[in-house]
1. In nm, what is the difference between 0.36 nm times the number of residues separating Ser223 and Leu52 and their Cα-Cα distance?
2. If you count only protein heavy atoms and use a 1.4 Å probe, how large is the accessible surface of Glu212, to the nearest 10 Å²?
3. List the residues, sorted by chain then number, that are 5 or more residues from Gly148 or on another chain and whose placed amide H is less than 5 Å from its amide H.
4. Show that you can apply the helix-only estimate: for the chain, add -39,500 (n - 2.57) for every DSSP H stretch of four or more residues, divide by all residues, and state [θ] at 222 nm to the nearest 500.
5. At what distance in nm do the modelled label points of Cys250 and Asp145 sit from each other, each positioned 7 Å from its Cα along Cα→Cβ?
6. Once both axes come from the Cα atoms, what is the angle between helix 130-144 and the longest principal axis of the chain, in degrees from 0 to 90, rounded to 10?
7. Kindly express, to the nearest 10 degrees and within the range 0 to 90, the angle between helix 79-93's C-alpha long axis and the longest C-alpha principal axis of the chain.
8. What does the charge count around Val74 come to, taking other residues whose C-beta lies under 15 Å from its C-beta (Lys +1, Arg +1, Asp -1, Glu -1)?
Amino acid sequence: MTTSSPFSVGTTDPVLHGRRGVVTGGGSGIGRASALRFSGAGATLVLWDRNLEAVEAVAKEVEAEGGTAYAVEVDVADPASVAAAATRSVELLGGIDLLMNNAGILDDYAPILETDEALWTKIIGVNLTGPYLVTRSLMPALLEDGGGAIVNTASIAGIVAGGGGTAYTASKHGVIGLTRQLAFDYGQLGVRVNAICPGAVETGMTRALFDEGDAAVMESVRSVPAGRHAQPEELAELALFLASDAASFCHGACFVADGGWTIR
Ligand SMILES: NC(=O)c1ccc[n+]([C@@H]2O[C@H](COP(=O)([O-])OP(=O)(O)OC[C@H]3O[C@@H](n4cnc5c(N)ncnc54)[C@H](O)[C@@H]3O)[C@@H](O)[C@H]2O)c1
């Protein structure tokens, strides 16, 4: 069984040449990998994260590879913070053609009896209210320039149970609903909206779980047809496809990259 990632750096075609994008949660994991991939494909970016140091480091990585990225500190669950970041981003970029709603947090697989209101509110706030607030703040800029692409990072937890706890699973099902409704409402105005649904990916979110070798989680991860978890770059490839014109007929769809988790 192959347990290592066959991933190698993909094409460097400038399929996002001239595009101006925002990536939330750009300081780590899937957001970082997507930022590097979008930039490599020609996009100019503003990277949002609550961890300013992390997102500044990613912006420097982008610049070291010849791209342009700005770092902005934001809490996507906070309306005032999102509004300020949106205004700043439009100022920096002169417009928006691309948005990746990716910032998210895990609930450590808490079932409902271990999900108090504080945990529920926190997870829903970042994972679902976050994309709502961010999209509402940036949609006028997207529409003003004739549309663009939105890529939401959902999860297999948006499709099946067992990929998170109560709040996380509910939040990701919500992200898929948000994706479909946005696509329904804005497709004919030029905005394509789609979601990626990753399975287990080695990132800041999951590293502790993988490192500690939580038996149930590790069993789920290893029993997928791929026999392994993913690297964030493998999700960035999918995000790039959806962000680019190659996905021109994709509207409101959820693209699973889970090593086969959901076919078991
Ligand atoms: N890692 C996985 O196995 C996996 C699987 C499915 C879906 N996802 C989803 O992928 C997305 C990215 O997660 P990741 O795995 O790369 O994790 P990560 O922890 O490596 O990255 C998430 C980033 O989001 C930022 N963030 C968290 N809360 C924020 C807030 N309130 N405001 C702004 N930024 C905030 C963090 O600082 C971090 O930089 C999340 O939406 C997550 O739910 C991850």
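1. Computed gain between Ser223 and Leu52 is 57.9 nm.
2. 150 Å²
3. Close amide H contacts, sequence-distant or interchain: Val191, Arg192.
4. Helix-only estimate at 222 nm: -13000 deg cm²/dmol.
5. Calculated label separation equals 2.1 nm.
6. 30 degrees
7. Tilt relative to the chain: about 50 degrees.
8. Neighbourhood net charge equals -4.
The values are calculated or read from the model by the stated rules, or taken from the named source; none is laboratory data. Predicted model, so just to flag it, every value in this text is computed and none were measured. Backbone-built Cβ (ideal geometry, glycine too); neighbour counts: all protein chains shown. Please note that ligands, DNA and RNA were not included when accessible areas were found on the heavy atoms of the full protein model with its side chains. Shrake-Rupley method; radii C 1.70, N 1.55, O 1.52, S 1.80 Å.
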